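Below: one structure, written as structure tokens.
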Amino acid sequence: MNNFNFCSPTEFIFGKGRENECGDYVRKYGGSKVLIHHGGKSAIKSGLLDRVKNALEEKGIAFCELGGVQPNPRDTLVYKGIELARSEKVDFILAVGGGSVIDSAKAIAIGALYEGDFWDFYSGKHAEKALPVGTVLTIAAAGSEGSGDSVITRTEGMLKRGTGSDVMRPVFSIMNPELTQTLPAYQTACGAADIMAHVFERYFTNTTEVEITDRLCEAVLCTMIRETPRVIADPNNYEARANIMWAGTVAHTNIVGVGRDQDWNSHNIEHELSALYDCAHGAGLAVIMPAWMEFVHRHNVLRFCQMATRVFGCAMDYETPENTAAAGIKAFRHFLHDIGMPINFAELGAKEEDIPKLVEKLGLLDGHTGGFVSLCSEDIAEIYRIAARASL
């Protein structure tokens, strides 16, 4: 196990009706003028936005709002949010929504205190300060409610890039599983795929002797395999929703990833799909992740056998371990298909002829360092080709 520092300062407020307490927590963390950031339609239609506003008003907290966040959140709205936060002298950002809303809120939070272009932070600069961010989570998926990460799409060139800093970790996150019960099955499944991908990006490692985090990863994955079909069959299953919501947070606070090298190539490869085609991030990961596994599994067949046996219950073939590794990858793809996720380019709405464009936009150089396996441009192209042609 590698040396590590781990700090997760977010206070999680979990359970039914807890959104009605958001005024207490904004006040607790020093907010006096709040920018409520949200997507719009669902938060308004469900009455959630009104409940949040009432909770702030009850505590005498002033607020302004900015809606309109869309999946794969855009830089254009971030710029508007930064301008609004400055003009209104906002001292707290409250994100009401899922990962896209929270990521956009984090970008506003670091941009509002920065004299330059906030995109600098998505081009390599490290954020050192930010306005405090709180969240009222409505989708179990990205884990942004507990992480210091944010991903934004730049409209010019449709570049999707991420940044990370502990200053962006939310000071609190309110998590009521009831708020996810109205999600369409497809969106629920996209969230499940994203959660599992966050775990797999950490699980596939070259670091040895990491049994504790291996087992934590496997616990989250097994939970998703059990609970996701239950939620799809019964969207109002509160207990299954609760387990999935907490799994999404655990998956991305990094508690399952400390002390080990991580990968993240699958996320980087997928980002270009969702930037180019504006598809759901989780759907893109459902197509890319098994393809990446097929391409790299020979690098450490026994780790893939461990996934296959511990997570998917595959039998171990001791004479030919590669058969077990392949069975695990196949089981993962079948699971994704069974919950309604696309498994290839055609089902996602992507085109194989666009692969050169995708590789070029990704901008990875030959010998790209880090991750489970270093990938060159041709490697990435081959992963896209596997993804394009995948079948059950």
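Of note:
- Residue 376 being more than 24 Å from the chain's Cα centre (by Cα) and surrounded by 18 or more Cβ atoms within 10 Å (Cβ to Cβ): no
- Filter pass, residue 365 being at pLDDT below 95, open to solvent by less than 10 Å² (accessible area, probe 1.4 Å), more than 22 Å from residue 98 (Cα to Cα) and not charged (D, E, K, R): no
- Applying a threshold of 9 Å to beta carbon distances and a minimum spacing of six or more residues, or different chains, the list of pairs starting in segment 171-191 at a residue that is within 30 Å of residue 347 (Cβ to Cβ) and ending at one that is of a type in the set (S, T, N, Q) and at pLDDT below 95 reads 179/46; 182/42; 182/46; 183/42.
- Only a single item in (1) in contact (Cβ under 8 Å) with a residue 60 or more places away in the chain; (2) open to solvent by 10 Å² or more (accessible area, probe 1.4 Å); (3) over 22 Å from the mean Cα position of the chain (by Cα) is not met by residue 276, and it is number (3).
- When residues of segment 194-206 are limited to those that are open to solvent by less than 10 Å² (accessible area, probe 1.4 Å) and not in a helix (DSSP H, G or I), the one nearest to residue 288 (Cα to Cα): 204
- None of 233, 219 is small (Gly, Ala, Ser), open to solvent by 10 Å² or more (accessible area, probe 1.4 Å), more than 16 Å from residue 247 (Cα to Cα) and modelled with pLDDT of 95 or more except 233.
- Every test in (1) basic (Lys, Arg); (2) touching a strand residue (DSSP E or B) at 6+ places or on another chain (Cβ under 9 Å); (3) open to solvent by 50 Å² or more (accessible area, probe 1.4 Å) is passed by residue 129 save one, and that test is (2).
- So residue 341, is it in contact with an Asp or Glu (Cβ under 9 Å, 6 or more places away or on another chain), outside any helix (DSSP H, G or I) and surrounded by 20 or more Cβ atoms within 10 Å (Cβ to Cβ): yes
- Test: residue in segment 215-228 that is assigned to a loop (DSSP other than H, G, I, E, B) and not basic (Lys, Arg): no
- Matching option when the condition is in contact with a helix residue (DSSP H, G or I) (Cβ under 6 Å, 6 or more places away or on another chain) and modelled with pLDDT of 95 or more, among 51, 74: 51
- Contact map, segment 258-269: residues that are on the phi > 0 side of the Ramachandran plot and touching a residue at least 24 places away in the same chain (Cβ under 8 Å) paired with residues that are among the polar types (S, T, N, Q) and buried (at least 19 other Cβ atoms within 10 Å of the Cβ), Cβ distance under 7 Å, separation 6+ or inter-chain. Pairs shown: 259/213.
- Matching option when the condition is modelled with pLDDT of 95 or more, out of contact with any Phe, Trp or Tyr (no Cβ under 9 Å at 6 or more places or on another chain) and outside any helix (DSSP H, G or I), among 319, 239: 319
- Apart from one condition, residue 318 fits all of (1) open to solvent by 60 Å² or more (accessible area, probe 1.4 Å); (2) in contact (Cβ under 8 Å) with a residue 12 or more places away in the chain; (3) not small (Gly, Ala, Ser); the exception is (2).
- Lone qualifier among 392, 302 - being part of a loop (DSSP other than H, G, I, E, B) and surrounded by fewer than 17 Cβ atoms within 10 Å (Cβ to Cβ): 392
- Looking only at segment 29-65, and only at residues there that are aliphatic (A, V, I, L, M) and in contact (Cβ under 8 Å) with a residue 40 or more places away in the chain, the one that is surrounded by the fewest Cβ atoms within 10 Å (Cβ to Cβ): 48
- Within segment 240-257, considering residues that are in contact (Cβ under 8 Å) with a residue 24 or more places away in the chain and not aliphatic (A, V, I, L, M), the one surrounded by the most Cβ atoms within 10 Å (Cβ to Cβ): 248
- Verdict on residue 91 being more than 18 Å from residue 138 (Cα to Cα) and at pLDDT 95 or above: yes
- Of all residues in segment 67-110 being closer than 12 Å to residue 144 by Cα and among the hydroxyl-bearing types (Ser, Thr, Tyr), the one that is most open to solvent (accessible area, probe 1.4 Å): 100
- Count of residues meeting criterion [buried (at least 23 other Cβ atoms within 10 Å of the Cβ), among the small types (Gly, Ala, Ser) and farther than 16 Å from residue 103 by Cβ] in segment 134-193: 3
- The number of residues in segment 29-81 being touching an Asp or Glu at 6+ places or on another chain (Cβ under 9 Å), over 21 Å from residue 179 (Cβ atoms) and of a type in the set (D, E, K, R) comes to 2.
The values are calculated or read from the model by the stated rules, or taken from the named source; none is laboratory data. Keep in mind that what you see is a predicted model, and the values were worked out from it rather than measured. Methodologically, a virtual Cβ is constructed for each residue, glycine included, from the backbone with ideal geometry; neighbour enumeration extends over all protein chains shown. The protein model used for the area step is the full one, side chains on, heavy atoms only, and it has no ligands, DNA or RNA in it. Shrake-Rupley method; radii C 1.70, N 1.55, O 1.52, S 1.80 Å.
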